[in-house]
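The values are calculated or read from the model by the stated rules, or taken from the named source; none is laboratory data. Just so you know, these numbers come straight off a predicted model, no measurement behind them. Cβ atoms come from the backbone with ideal geometry, glycine included; neighbour counts cover every protein chain shown. Side chains included, ligands, DNA and RNA excluded: accessible areas come from the protein's heavy atoms. Shrake-Rupley method; radii C 1.70, N 1.55, O 1.52, S 1.80 Å.
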Amino acid sequence: MRTSKRAPYISAALMAVVYLLSSGLAVSDEKSSGGFDCRQLDRLETPASPIGWLERSLWASRCYLFQARGVRISGDGVRTLALSRAIRDGVEREAASYLDGPAVVYEGHGRIARDSLSGLAVGGVSPSASLPIIDNHYRVSLGGESRIAGRPSVRLDIEPLDSLRYGHRLWLDRSTGLPLKRVLIDADGQIIETFQMTELDQPTLYEGAVAFDASTEVPPQPWQLGWLPTGYRSLALPQASSIDSLPLGHRLYSDGLASFSVFIEPLATPDRALTPGLHRLGVSYAAVRHLRVAGRIYQVVVMGEVPPEVLRRVAAQVEYRPAVASQPRSATP
């Protein structure tokens, strides 16, 4: 993945902008270790249920190649983007670039089970495992049909069952299942952000299998969350970082639909320090906290497209527990 040269937790805020590039859960085919044959999508019947449409969109967003134009509308204004998606030898390649305002280009590539870069972000988890989790914390219903980017679409209304997550409205292309539009909604029913395709060249189904990275268990870490919102779980990331003897993990947590990240870094120089508290970054927020550990100051940043009070509470209860990482793992029965 490549983004503009900014601090990692700031770059992560840009990832939400490219929702329509990678808007599905990162899924795996439990019946085959070689990946998922995208040609199977041609043989699927039109979904008959809201969950069926959601599952179809997860596969479609991984198997179709396209060029598109999009628009992002939020409190920061209106910006347009160019979007593209390709698959080469089973590996995804995607890009998004702003066409107005400050120049920002996002590029990503990887296999299916890597860290996804969107609201629908669950690495290495199949739909059969993820959809029941979503069903436990959201109410998914069909909201009618409309026309987006000149294409007939089906609307999904995804309503959270508590205050720990936002609501979503998704418009899925009736022909392919590709997500054409997303609206993010807060607890008061106010629209936080709208992102949609305005032009979509005829998408092409990839004639082959998309590959999966091996899903790995999240290793023990001394940095622990004292509080984790119900329904969220830790996901493995492709690479782990460390700082001296204190492992630094960019930790990712998701409930199957929404996600947030935890970043921790030592403050070697004052210019890296952010003011503790809550900061708004477009439609996302970042909760910042400074901790003193072994005579050094560490900066904790928790950010994502979840309610700001969730981020604040998570950051307030991040703890350093070195005994946790040193404990041996229990044997699997």
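Which peptide among 60-70, 144-154 comes first, and what is the full order, when sorted by highest mean count of other Cβ atoms within 10 Å? Numbers along the way, then the final one.
Values: 60-70: 21.5, 144-154: 15.1.
Result, highest mean Cβ count within 10 Å first: 60-70, 144-154.
Mind checking the per residue accessible area of the stretch 254-294 for me, 1.4 Å probe, whole number of Å²?
Values: 1820 Å² over 41 residues.
Heavy-atom accessible area per residue stands at 44 Å².
What is the spin-label model distance, in nm, from Thr275 to Arg292 if the labels are put 7 Å beyond Cα along the C-beta direction?
2.3
Please list, ordered by chain and number, the residues whose modelled amide H lies under 5 Å from the amide H of Ile192; skip anything fewer than 5 residues away on the same chain.
Under 5 Å from the amide H of Ile192: Leu184, Ile185, Asp186.
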